[in-house]
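Following: one structure in structure tokens, then a few remarks.
The values are calculated or read from the model by the stated rules, or taken from the named source; none is laboratory data. Bear in mind the structure is a predicted one, so any value in this text is a computation, not a measurement. With ideal geometry, Cβ positions are generated from the backbone for all residues, glycine too; neighbour counts draw on all protein chains shown.
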Amino acid sequence: MDPLIILLRRNARTSVEDLAKELSLTPAVVAERLTQLEADGIVLGYQPIVDQQKVQAGLVTAVVEVRITPERGGGFDRLAGRIANFAEVQSCYLISGGYDLLVVVEGNTLQDIAAFISEKLSTIKGVISTATRFRLKTYKENGVSLLREAKPQRLAVTP
Amino acid sequence: MPLNKHIAHHVRDLPKSGIREFFDIVAQEKEVISLGVGEPDFDTPWHIREAAIYSLEHGRTHYTSNLGLPELRTSICKYVHQHFGVAYDPRTEVIITVGVSEAIDLALRAMINPGDEVLYHEPCYVSYAPSVTMAHGIAVAIPTRAEENFRLTAEALAEKITPRSKVLMLNFPCNPTGATQSRAELEKIARLCIDHDLIVLTDEIYSELTYDGAEHVSIASLPGMRERCVFLHGFSKAFAMTGFRIGYACAPAALTDAMMKIHQYAILCANTMSQDAAIEALENGARAVEAMRREYETRRNYIVAAFNELGLECFKPVGSFYIFPKITNSGLTSREFSLGLLEKKKVACVPGPAFGASGEGFVRCCYATSLDQIKVAMERIGEFLGEVKR
């Protein structure tokens, strides 16, 4: 992977000056590459990683396994795109195995999500079935562990 | 009862580690950002820790053979062959030790007669000279210079060789300087070793941590050298396994056998669950090692640029996770610099002379610390310089 992307994935807020030092490049070159990555649609955005459990009235998340009927000329794409367009849908993937789409849905309440599934998602022509699983607890989010393990202490000075 | 007279002379006269002394000072301060450590900040990759847990769960709590688990020795020989191009026989030519430190001790004790001279480049790891003394040898330091990026030159080595010279100790990539040796330089040194019948202890503990695509060459892989080399390596640095205390020595059977005699009486065997974890590390650890290596490389880029911006001259090392900047511009000695920085700015680094007299004028900074911490540390070093220069 592009070393710049690796650094941004670790901390997207790193300044261009610091990125330049870390990559042994000039800030101008880094800025140019960043613009290019965005223009090429490789870097799609920058978002914080939030522990929803700590946010008051945090979001409810569900993963929905969706089976759909593929179509001539396009397969799953048209229906998947239609589902992905809903604001409630956070992520949407075509999956190998027992079902077709894995849809991550967010809502303010359990009822919101239930309503979205029963009224919007399941009623789309071509959707064969849905199976909804709600998130109960988060252990790791986007590569960041939420487990509160005692951090082992290194000695301050060692050979 | 005055016990001092009961202490063996060569131990009584041994200086305490300069690092130890500095550690005691740092321990009194709170909230210190430490660039003074000699180990990775990463915890051991989970799959390796998990293998140790599995080992305990399955009751693997007994002694292993003195040389170490046969499976581990086989994995090591495969790894050394692949990465360093030297073939060893897992049955007779490798011994698993409690870290490279034990392996150094074994090798020296196995080879040194009282009065034999052991050559080593300096600044160097803190245990080299004392280990030689404890083996009743005479430690002969070869100073290396910042102007030559702390490389050991064949000329400098040749100057120090005498009829009593028996062993040359090498550590590249080097703790504390980050120095590395090119193939051409090693070839010249190898020639000298062959001409003067020297045995080489080559401590290559940092060999996986090289940057900018630099080629790591083991002196043991050069023509005629395998038979006169003790190749020392371990898991502490590349696999972030310092606390597992596991290392190894590869050497021709006659040397391994001699080392084994000491090991079997002094240690018996390295700890079993660490050996199991080490197998996992060698078999499946490459990805984790590469991820850590890349991270160190990024930090190195940052810290070297930052030091040079501050006017503290520092070459860009292509190995280990240390830099060894020159601090004479501050008008302070290494010790004054380290103590002042700690006291005023709560940043710890190790004064160069802890690694031998030729380290004066330098400090060792370890970048095996998160980039965020490094950034704060560099800001504070900048402030400190501003204050001492005023």
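One table, with the values for the structure above:
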| quantity | calculated |
| --- | --- |
| Any hit, the range A:16-34, residues being within 24 Å of A:Val104 (Cβ to Cβ), touching an Asp or Glu at 6+ places or on another chain (Cβ under 9 Å) and either within 14 Å of chain B (Cβ to nearest Cβ) or of a type in the set (A, V, I, L, M, F, W, C) (or both) | no |
| Count of residues meeting criterion [surrounded by 17 or more Cβ atoms within 10 Å (Cβ to Cβ), part of a helix (DSSP H, G or I) and touching a residue at least 40 places away in the same chain (Cβ under 8 Å)] in the range B:137-171 | 1 |
| Count of the range B:284-306 residues which are surrounded by 20 or more Cβ atoms within 10 Å (Cβ to Cβ), at the interface with another protein chain (Cβ under 7 Å from one of its Cβ atoms) and without any contact (Cβ under 8 Å) to a residue 24 or more places away in the chain | 1 |
| Any strands (runs of 3 or more DSSP E) falling wholly within the range A:1-119 and containing at least 1 residues that are assigned by TED's automatic domain parsing to the domain that holds A:Ser129 and of a type in the set (S, T, N, Q) | A:60-68, A:89-94 |
| The one condition in (1) without any contact (Cβ under 8 Å) to a residue 60 or more places away in the chain; (2) under 20 Å from B:Arg151 (Cβ atoms) that B:Glu204 fails to fulfil | (1) |
| Criterion: touching a residue at least 60 places away in the same chain (Cβ under 8 Å) and more than 14 Å from every other protein chain (Cβ to nearest Cβ) - qualifying residue of B:Val26, B:Val118, B:Val37, B:Val11 | B:Val11 |
| Count of residues meeting criterion [surrounded by 15 or more Cβ atoms within 10 Å (Cβ to Cβ), part of a helix (DSSP H, G or I) and modelled with pLDDT of 95 or more] in the range B:20-70 | 6 |
| Which listed residue, of B:Lys344, B:Lys326, is more than 20 Å from A:Thr158 (Cα to Cα), away from chain A (no Cβ under 14 Å), in contact with a strand residue (DSSP E or B) (Cβ under 8 Å, 6 or more places away or on another chain) and surrounded by fewer than 24 Cβ atoms within 10 Å (Cβ to Cβ) | B:Lys326 |
| Failed item in (1) in contact (Cβ under 8 Å) with a residue 12 or more places away in the chain; (2) surrounded by 14 or more Cβ atoms within 10 Å (Cβ to Cβ), with A:Asp51 passing the rest | (2) |
| Test: residue in the range B:54-71 that is farther than 19 Å from B:Leu232 by Cα and aromatic (Phe, Trp, Tyr) | yes |
| Meets criteria (outside any helix (DSSP H, G or I), over 21 Å from B:Ala87 (Cα atoms), out of contact with any Cys (no Cβ under 9 Å at 6 or more places or on another chain) and more than 14 Å from every other protein chain (Cβ to nearest Cβ)) for B:Asp197 | yes |
